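**Student:** Pasting a structure here, questions to come.
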Amino acid sequence: MRKLATLARMITHLLVALAVAAPDATLADDVKIGNVLAHLQAFQAIADAHGGSRAAGTSGYDASTDYVAARLLEAGYKVELQPFHFDVYRQLTPGALAADGKDLGNVSTLAHSGAGEVTAKPDRVGMGCDDTDFAGFEPGAVAVVDRGLCTFGTKAARASAAGAKALVVVNQGGAFAGSTGAPQKIPIVGVDATQGAAVANARLVTVATRTETRRMTSHNVIAQTRTGATHDVVMVGAHLDSVEAGPGLNDNGSGSAAILEIAIRMAARYPDRAVRFAWWGAEELGLIGSSYYVNTLPAAERAKIDMYLNLDMAASPNHIFGIYDGDDSDRVGQGPGPAGSARIERAFEDFFVSRRLPYTGTDFSGRSDYGPFIEAGIPAGGLFTGAEGFKTQDQANAFGGTAGVPFDSCYHRECDNLRNVNAYALDVSADAVATVITTFAWNGNEMQSASSP
């Protein structure tokens, strides 16, 4: 009888072991699309209650961080709200430019331009990238520089230091938009070649801009599993903010909701490597939250991040399933990610192959929060279902949908609401990220939960 009892226990342990070592769909199966959509409904309700937006620096964004933090605390996480500061720039009226009293038509006000109206003689100084370009420049004049060779911020700094009261940047082509990257004290406008010639030949020019820049504070939301090696962290992130124009339910409520539900379902599990989740602020203003996080981490702490997985726009209506091209095998756009990025790409590809689903490569264009991690040499990867680009016929043949139409016609618009969310694409994207997390967070893809003996 004892031998039978011992054998029975051995069989029981074997069955438990087999269950624990079951395919990595265990976590993905627990991430239900209904729960992910419930988080999106909460984000929509937050936007509705806060002027239609969840943009960084607004009460809608603050309420979004409160919601994510509350759900994580309920799941048992220790939550960090990491503060960071940023400047919010707004153009109040279009810029204006006149040469000898003649209006030169539409001009672009460069983002972060100062506000004011200046009438003075123009002084063309070349590129305006070096102090020597301003040798002999008369303080109080309007500096006129050519576009190129250095940043608009550098041109603005050189002009201000030389005593210019305004700056006109001349493009040798047509009209353009740009940013100085940081608040400036003087008015700065961009003009085309024809307008630039009129300015250079004028006796007096008038430059007028109406802008405002406000210093604001926002937060990243960060949480990490209670168990797992902390010297070899798997990090997963999505930006939580929307643009001012709308609630941002696809961009990027979709990614935020998906990783929130994954985090909740991981709370009762014991990964071999710690998994750190992040919801970034002010991505739409230039990857500000994620850049602050990476740049302020001590080098020793950055070295402990084994990889970063990004989920930005996971529910595009006219979707593709784009996997970031970690090895640059597509030879499109930017080069490969840091060493280790290719294995992330392969893990996502393995998921789609296992599901018999189509996928395609997508370039590390630098437009999302993987950017700062790549710059720091941290391997990165993730998914993207498409933004304002137009679906090709080949993509329509592979993924369905409509060729010649944007992946997301409501990209950065007021209509990026719940009706803009493709639940199927979101379901697949959430499962893919959950599966890849499992691939890297558990040795041999073995999962242990709090309920395991």
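The values are calculated or read from the model by the stated rules, or taken from the named source; none is laboratory data. Predicted, not measured: the structure shown is a model, and the values here were computed from it. Note that each Cβ is placed from the backbone with ideal geometry, even for glycine, and that neighbours are counted across all protein chains shown. Side chains are part of the model used for accessible areas, which takes the heavy atoms of the whole protein and leaves out ligands, DNA and RNA. Shrake-Rupley method; radii C 1.70, N 1.55, O 1.52, S 1.80 Å.
**Student:** Could you give the nm distance between label points at LEU149 and ALA268, where each point is 7 Å from its Cα heading toward the beta carbon?
**Tutor:** 6.5
**Student:** Starting from the Cα-Cα distance between GLU349 and GLU388, subtract it from 0.36 nm times their residue separation and give me the gain in nm to one decimal. Write out the running numbers ahead of the final one.
**Tutor:** Details: separation 39, 0.36 × 39 = 14.04 nm, distance 2.39 nm.
Net length gain for the segment: 11.7 nm.
**Student:** Along the Cα→Cβ direction, 7 angstrom out, place labels at ALA45 and ALA303. What is the inter-label distance in nm?
**Tutor:** 4.7
**Student:** Say a paramagnetic label sat at a point 7 Å from the Cα of GLU212, along Cα to Cβ; which residues of the range 104-136 have their backbone N under 16 Å from it?
**Tutor:** Under cut-off, by backbone N: 112-116.
**Student:** Another question about this same structure. Find the accessible area per residue for the chain; the probe is 1.4 Å, ligands and nucleic acids are left out, and the unit is Å².
**Tutor:** 43
**Student:** Taking 0.36 nm per intervening residue step and subtracting the Cα-Cα distance, what contour gain separates ASP87 from TYR424 on full extension? Walk me through the numbers on the way to the answer.
**Tutor:** Numbers: separation 337, 0.36 × 337 = 121.32 nm, distance 3.72 nm.
Net length gain for the segment: 117.6 nm.
**Student:** For the residue pair ASP66 and ALA339, what label-to-label distance in nm results when each label sits 7 Å from Cα along the Cα-to-beta-carbon direction?
**Tutor:** 4.8
**Student:** With just the Cα atoms defining each centre, how far is the range 169-192 from the range 364-409? Give it in Å.
**Tutor:** 29
**Student:** Counting only protein heavy atoms and using a 1.4 Å probe, what share of the accessible area of the range 216-255 belongs to carbon plus sulfur, as a whole percent?
**Tutor:** On the way: 480 of 970 Å².
Roughly 50 percent, rounded to a whole number.
**Student:** Sticking with this structure for a sec: Match the structure shown to one of the listed values (1) 20, 39, 27, 13, 2; (2) 23, 46, 24, 5, 1, 0; (3) 21, 51, 24, 4, 0 of P(r) over Cα pairs in 20 Å bins from 0, in percent, computed from it, and give that label.
**Tutor:** (2)
**Student:** What percent does the relative contact order of the chain come to when contacts are Cα pairs within less than 8 Å and at least six residues apart? Mind showing how you got there, number by number?
**Tutor:** Values: 1052 pairs, mean separation 85.9, N = 453.
This gives 19 percent for the chain.
**Student:** Still on this model: Give me the percent of accessible area attributable to carbon and sulfur for the range 130-206, probe 1.4 angstrom. The partial results should precede the final answer.
**Tutor:** Values: 1760 of 3430 Å².
C and S atoms contribute 51 percent here.
**Student:** Taking a ≥ b ≥ c as the square roots of the eigenvalues of the Cα gyration tensor of the range 36-96, is the shape rounded (a/c under 1.5), prolate (a/b larger than b/c) or oblate? Before the final figure, lay out the partial values.
**Tutor:** On the way: a/c = 4.17, a/b = 1.75, b/c = 2.38.
In terms of gyration-tensor shape, oblate.
**Student:** Gap in Å between the Cα centre of the range 118-167 and the Cα centre of the range 207-230?
**Tutor:** The two parts, judged by their Cα centres, are 32 Å apart.
**Student:** Among rounded, prolate and oblate, which fits the range 324-404 when a ≥ b ≥ c are the square roots of the eigenvalues of its C-alpha gyration tensor, a/c under 1.5 means rounded, and a/b larger than b/c means prolate?
**Tutor:** It is oblate, given that a/c is not under 1.5 and a/b is not larger than b/c.
**Student:** Let me ask another. Straight distance only, please: which lysines reach the Cα of LYS304 with their own Cα at less than 29 Å, same-chain residues fewer than 8 apart left out?
**Tutor:** Partners found: LYS78.
**Student:** Place a label point 7 angstrom from the Cα of PHE176 along the Cα-to-Cβ direction, then list the residues of the range 98-116 whose backbone nitrogen is under 14 Å away.
**Tutor:** Correct set: 108-111.
**Student:** Given a 1.4 angstrom probe, I'd like the percentage of the accessible area of the range 323-445 that is carbon and sulfur, rounded to a whole number.
**Tutor:** 47
**Student:** On to the next question. Within the range 265-298, which residues have the backbone N less than 13 Å from the label spot 7 Å out from ASP232 along Cα→beta-carbon, could you tell me?
**Tutor:** 271-275
**Student:** At most 12 other Cβ atoms within 10 Å and a DSSP loop assignment: could you name the trypsin sites (Lys or Arg not before Pro) in the range 351-453 that fit? Don't jump to the answer; show the numbers that get you there.
**Tutor:** Details: sites: ARG355, ARG356, ARG367, LYS391, ARG413, ARG419; in loops: ARG355, ARG356, ARG367, LYS391, ARG413.
Taking the range 351-453 and a limit of 12 other Cβ atoms within 10 Å, the loop trypsin sites (Lys or Arg not before Pro) found are ARG356.
**Student:** Okay, moving on. Once R0 is set to 60 Å, what does the formula 1/(1 + (r/R0)^6) return for the Cβ-Cβ distance between ASP131 and ASP29, expressed as a FRET efficiency to the nearest 0.05? Walk me through the intermediate numbers first.
**Tutor:** Details: r = 63 Å, r/R0 = 1.05.
According to the calculation, E is roughly 0.40.
**Student:** Tell me which residues come under 5 Å, amide H to amide H, from ALA380 once H is placed; ignore anything under 5 positions away on its chain.
**Tutor:** TYR308, SER341
**Student:** Could I ask something else about it? Return the sequence-ordered ³J(HN,Hα) values of the range 291-297 in whole Hz as given by the Karplus equation 6.51 cos²θ - 1.76 cosθ + 1.60 applied to θ = phi - 60°, using x for Gly and Pro.
**Tutor:** Each residue of the range 291-297 in turn: 4, 4, 4, 5, 6, 9, 6 Hz.
**Student:** Could I ask something else about it? Using 1/(1 + (r/R0)^6) with R0 = 30 angstrom and r between the beta carbons of ARG367 and CYS415, what's the FRET efficiency to the nearest 0.05?
**Tutor:** On the way: r = 21 Å, r/R0 = 0.69.
With a Förster radius of 30 Å, E is 0.90.
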